[in-house]
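Following: one structure in structure tokens, then a few remarks.
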Amino acid sequence: MIRILLSCGQGFSSGFIANSMRKAAKSKLIEATVSAVGDIEVPDSIEHKTADIILLGPHIKYKLQEFEDLAAKYNNPVVISVMNQKDYSQMNGAAILKDALELYNNK
């Protein structure tokens, strides 16, 4: 079971994408939990190690280094990356799920 956390500014767009990703995972028989939160909730997830991979909306990619540093501080091996701009804007959950799985499997 892979635990995926999506984050954008307030969690609204990522919520729609998370729903699309859950449907894609179910159709491909992939065991995954996909959650969406606002960016202010990401540090708590990193501290408590509640996700295997964290994907940020492209518009908050400036927070990537901050979150990676926090993961290092808490000795958390979580993979943190930024969603593909095109897939994010099209809310293409299947493509974002595919990217997430590749990142997770190549860590």
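The values are calculated or read from the model by the stated rules, or taken from the named source; none is laboratory data. Remember, it's a predicted structure, so these values are computed and weren't measured experimentally. A quick note on method: Cβ atoms are made from the backbone with ideal geometry, for glycine too, and the neighbour counts reach across all protein chains shown. Protein only, heavy atoms only, side chains kept; ligands, DNA and RNA dropped before computing areas. Shrake-Rupley method; radii C 1.70, N 1.55, O 1.52, S 1.80 Å.
Taking a probe of 1.4 Å, how large is the accessible area per residue of the chain, in Å²? Please report the intermediate quantities before stating the final value.
Values: 6010 Å² over 107 residues.
Averaged over the residues of the chain, the accessible area is 56 Å².
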Across Lys28/Lys63; Lys26/Lys63; Lys23/Lys86; Lys26/Lys73, pairs whose alpha-carbon gap is larger than 27 Å: Lys28/Lys63; Lys26/Lys63; Lys26/Lys73
Surface share of carbon and sulfur [accessible, 1.4 angstrom probe, percent] for segment 7-80: 53
Local electrostatic count, Cys8, Cβ distance below 12 Å [Lys/Arg +1, Asp/Glu -1]: 0
Net charge over other residues, Cβ less than 11 angstrom from the Cβ of Ile60 (K, R count +1; D, E count -1): 0
Mean separation of Cα contacts under 8 Å (6+ apart) over length of segment 46-86, as relative contact order %: 58
4 °C / 1.567 mPa s Stokes-Einstein diffusion coefficient of the chain, Kirkwood radius on C-alpha pairs, µm²/s: 97
Residue-by-residue Karplus 3J(HN,Hα) for segment 45-55, coefficients 6.51, -1.76, 1.60, Hz, glycine and proline x: 5, 5, 4, 8, 6, 9, 9, 8, 9, 10, 10
Net dipole in debye of the chain [+1 Lys, Arg Cβ; -1 Asp, Glu Cβ; about Cα centre; nearest 20]: 420
Cα centroid separation - segment 40-60 against segment 1-23, whole Å: 11
Loop-located GluC sites (Glu not before Pro) in segment 1-102, at most 11 other Cβ atoms within 10 Å (DSSP): Glu31
